[in-house]
Amino acid sequence: MKKKKRGKYKKIIVYIIIIVSVFSLLYYFINDNRSNNFLFSSIKDLSANISKVTSFSFNSKKKLDSNLSYEINKDYENEIKSLKETLSLNSLNSNKSFINATVVKRSTNYWYDIISIDKGKKDGIRNGLAVINNRGLVGKVIKTNNNTSDIKLLISSKEENYISAMFNYEDNNYYGLIDNYDLINNELTLKNVIGDFDKEKIKDINVTTSGLSDSFTSGLLIGKITNIKKDTFGISYNIIIKPSVDFNNINIVSVIVGDK
């Protein structure tokens, strides 16, 4: 029994001696006061490389965190800017009543068809109301819940999306129907436009809602004319429009709930 204990103590002493020796050697070779030798240099290089990797990882994380903070701040800035522009637009249309809302959901499967906002029935939202942002017409409400609503976008391709629209040229109003959206070229078509006008001079003229035969009030900006084509039968014109709204970047919208 005593032999076993003595053997155990011997092992402990040997381990202590080894550990002390290793630390002594490391201190001897790593100490900066020592002259360089191969082992000393190797250990120092290894230590430096480890420090670089650690420092790089730490700095990269800091950079990533900094970039993330920057992106979040930019998002906030853009949202505040958009809100200010929307509120400014609301004040310009002072004869209308608005409910401002934030986009809370947008499915990648229906990116160009439907968005959801954080206002619903309890806020006074109802189906058929026009939705705008600081750039123009976004779409209309098609479904309401207590706290959220679904908005069908102006460029939706889910079903025929005819909207009565018009433009003014030389004190004359020209009317047509907003038809399909060309996703590749980012263009809407105002079809069935009849009239006599200079094709070149009407380019860049604003197209707005007409207020006829649909739920949209008149004067809501849709976009600018970019091109004019004759229809298949050569009777009327198809007016090509670039939407004023950036449908890839919709954060804050205003629902027009009625006249004041």
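We did not get these values from a lab; they are worked out from the coordinates using the rules stated. As the structure is a computational prediction, the values presented were derived from the model and not from experiment. We place every Cβ from the backbone using ideal geometry, glycine too, and count neighbours over all the protein chains shown.
Going from the fewest other Cβ atoms within 10 Å to the most, the residues Ser210, Ser107, Ser149 appear in the order Ser107, Ser210, Ser149. The GluC sites (Glu not before Pro) found in region 161-254 that occupy coil by DSSP, while having at most 10 further C-beta atoms within 10 Å, are Glu170, Glu200. Dipole orientation for region 163-243: of the candidates Met166, Thr226, Gly195, Thr226 has the Cα lying most toward the positive pole (charges on Cβ; Lys, Arg +1; Asp, Glu -1). Among Arg126, Arg135, Arg106, sorting on how many other beta-carbon atoms sit within 10 Å of each Cβ, with the fewest leading, yields Arg126, Arg106, Arg135.
Every Cα-Cα pair of region 163-243 was included, and the share exceeding 14 Å stands at 58 percent. The count of lysine pairs in region 193-260 whose Cα atoms are under 24 Å apart, excluding pairs fewer than 8 places apart on the same chain, comes to 15. Each Lys and Arg contributes +1 and each Asp and Glu -1, all at the Cβ; summed about the Cα centre of region 163-243, the dipole is approximately 160 debye. Label positions at Lys201 and Ile16, each projected 7 Å from the Cα along the C-beta direction, are separated by 10.6 nm.
Extension gain, Asn192 to Ser107: 0.36 nm times the residue separation minus the Cα-Cα distance gives 27.3 nm.
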